[in-house]
Amino acid sequence: MSATPQHSPQQNHLLAALPEVVQERLYPFLELAEMPLGRVLFESGVLMRHVYFPTDAIISLLYVMENGASAEIAVVGNEGMVGLALFMGGESTTSRTIVQSAGFAYRLLGKRFTDEVNRHSELLMLMLRYTQSLITQMAQTAVCNRHHSIDQQLCRWLLLSLDRLSGDHLIMTQELIANMLGVRREGVTEAAGRLQKQGVIEYHRGHIKVLNRPKLEELTCECYKVVKHETDRLLPQI
């Protein structure tokens, strides 16, 4: 596969951290895939055939209730991989996987990936560390949703998203944010309004620009720092 100058597997931290011998075996089979906003990669209970390594897209793992209500349980960007159930041997999950922020990702057949994991101990250890970081994020999200205000949850969500983007601009409607956080849209509108009044963000028709990141970090809860610290500790920083 020939990569254009704008896109390279090296933009994904896991792919960039692979031993050279593994890169030589896997890179030719990576397929660059466009990730439009709202695209569903996996549905609950459906067998997974591919794994995805985002470069500049952000992917959300959502749990959807029978009545249609949803809440985000984890977010994946250029630090990680989507399709962890294949690595774990489960082949499907109870969550929905959806593109939260448009961009690109590299797609790889799950069988080829798991074969390589079984062949190479360094790749296995890298994936185990990534799994631990994702479990930490899931656990902290559950705690945050239970104990912290919508304002703090929104700040945490914005910071986690920013960490997975190259700039300070997100395209996301308040309705989608509400679905991610599992709260009412009116609550997100009010929280975003308070952040805008404080000069932390600028919000207009689904476009969010972070104007003051230090203030955003000051306003968020402890959950963001816990997740970031564990991700930085466990995963390679490219």
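A short reminder: the numbers here are calculations on the coordinates, not readings from a lab. Treat the numbers as computed from the prediction; the structure is a model and nothing was measured. Backbone-built Cβ (ideal geometry, glycine too); neighbour counts: all protein chains shown.
Annotations
- Per-residue 3J(HN,Hα) values for the range 158-163, derived from phi via the Karplus relation 6.51 cos²θ - 1.76 cosθ + 1.60 with θ = phi - 60°, read 5, 5, 4, 5, 4, 4 Hz in sequence order (x marks Gly and Pro).
- Taking the C-alpha atoms of the chain, convex hull volume expressed per residue in Å³: 118 Å³
- Normalised radius of gyration (Cα atoms, divided by 2.2 N^0.38 Å) for the range 146-227: 0.98.
- Backbone phi angles across the range 184-189, fed through the Karplus curve with coefficients 6.51, -1.76 and 1.60 (θ = phi - 60°), yield HN-Hα couplings of 6, 4, 4, x, 5, 4 Hz in residue order; Gly and Pro are listed as x.
- Residues of type aspartates and glutamates that Lys228 reaches as a straight line, Cα spacing below 16 Å, ignoring anything fewer than 8 places off in the same chain: Glu79, Asp163, Glu217, Glu218
- Cβ charges +1 (Lys, Arg) and -1 (Asp, Glu), total dipole of the chain, debye: 220 debye
- The ranking of Met172, Met138 by Cβ neighbour count inside 10 Å, starting from the fewest, reads Met138, Met172.
- Under 12 Å, Cβ to Cβ, from Asp163 - net charge with Lys/Arg +1 and Asp/Glu -1: +1
- Helix-derived mean residue ellipticity, 222 nm - over the chain, DSSP H n ≥ 4, -39500 (n - 2.57), to 500: -13500 deg cm²/dmol
- Anisotropy class of the range 1-108 from Cα gyration tensor, a/c 1.5 cut: prolate
- Restricting the range 17-92 to trypsin sites (Lys or Arg not before Pro) that sit in a DSSP loop and have at most 16 other Cβ atoms within 10 Å of their own Cβ leaves Arg39, Arg49.
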